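Working notes, structure below.
The values are calculated or read from the model by the stated rules, or taken from the named source; none is laboratory data. Bear in mind the structure is a predicted one, so any value in this text is a computation, not a measurement. Neighbour counts are summed over all protein chains in view; Cβ atoms, including those assigned to glycine, are modelled from backbone coordinates with ideal geometry. All accessible areas refer to the heavy atoms of the entire protein, side chains included, with ligands and DNA or RNA removed. Shrake-Rupley method; radii C 1.70, N 1.55, O 1.52, S 1.80 Å.
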Amino acid sequence: MVISINTQVTEAVTSQLLETTAAVTEQDVVNVITEKAEETVSIFTKLSTIFSEKLPSLIIAVIIFIIGIIISKIIIRIMKKMTSKSNLDKTANGFLRSFISAILYTLVVIITLNVMGVPMASIITVLGAAGLALSLALQQCLSNIAGGFIILFSKPFKAGDYIELNGIAGEVEGISILYTKILTADNKLSYIPNGIASNEKIINYTVKKSRRLDIVFSISYDSDFRKAQSIVSEIVAKNPKAMKNPAPLVRMTSHNTSSIDIDCKVWVGSDDYWGLKYDLTEDVKEAFDQNGISIPYSTIDVNIKNK
């Protein structure tokens, strides 16, 4: 009898505890959901308030950005037309257009950010920090950009000139922001950094309309050097590429170990330089052979002793 009463009491207490726990748990869940809902509504309310406050300035900023890009393109087109009518090198035109385009677009972005409410001091600080970081990371690139400006303003060469630079000879194809492009005689395109190009020795072969061609013809001591001089002079005089003024010079220049050297100095138009060089080299060889004038070459004497 006692056991039955204890069991009933235990079951009643357990049932009451379970009901109390369930009630507490349901109340906690309801409270948590209510708090989260209030927080979400508060966040959306703040966002909507911020958006409604910033929407006019955002729309104005977008409009200013679009107008700024359009104006920048118009300025670049006007500059392109103006420079195309001037005597400025076409390579310099492309270089300056790229540089000015970057500046204009940067200004448009800065103005847009300022309209959106970003303080100008913050923009300048960020640009300064970014500029410092880029200058440290891209020192070589900045050196090449500076070298490009030096080349464009000092004009040691331009597109189409035949130059020798950093041991490479060829025709200048163009000058970009970072590199000078040179097309060699065997159709190889070489890219030389502008920083190197502005500091190296430059030989420009076509900046002048005329050049002097210097050729040395060697003859043996057994040959008549005056006859050889006369032959070379006649060949030069007959060639239409050779300029008559200044007058060509053909004289003996040195007594070598196994030959006499005859200098031929003749002025020629820059475009005809290589043509005249090959003409004279071939024609003089043929004339020397026809007139019995020998050209020395290395020989080896071998003596055999029989025991």
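Assorted remarks:
- Count of the range 186-211 residues, restricted to those that are assigned to a strand (DSSP E or B), over 18 Å from Asp272 (Cα atoms) and open to solvent by less than 40 Å² (accessible area, probe 1.4 Å), is 3.
- Evaluation of Glu173 against the conditions (1) outside any loop (DSSP other than H, G, I, E, B); (2) under 25 Å from Trp267 (Cβ atoms) shows that the sole unmet condition is (2).
- So Val268, is it modelled with pLDDT under 90, under 30 Å from Tyr162 (Cα atoms), surrounded by 13 or more Cβ atoms within 10 Å (Cβ to Cβ) and not hydroxyl-bearing (Ser, Thr, Tyr): no
- Top-ranked residue in the range 218-261 [being part of a loop (DSSP other than H, G, I, E, B) and of a type in the set (Asp, Glu); ranked as surrounded by the fewest Cβ atoms within 10 Å (Cβ to Cβ)]: Asp222
- Subset of the range 220-233 [free of Cβ contacts under 8 Å to residues at least 24 places away in the same chain and not hydroxyl-bearing (Ser, Thr, Tyr)]: Arg226
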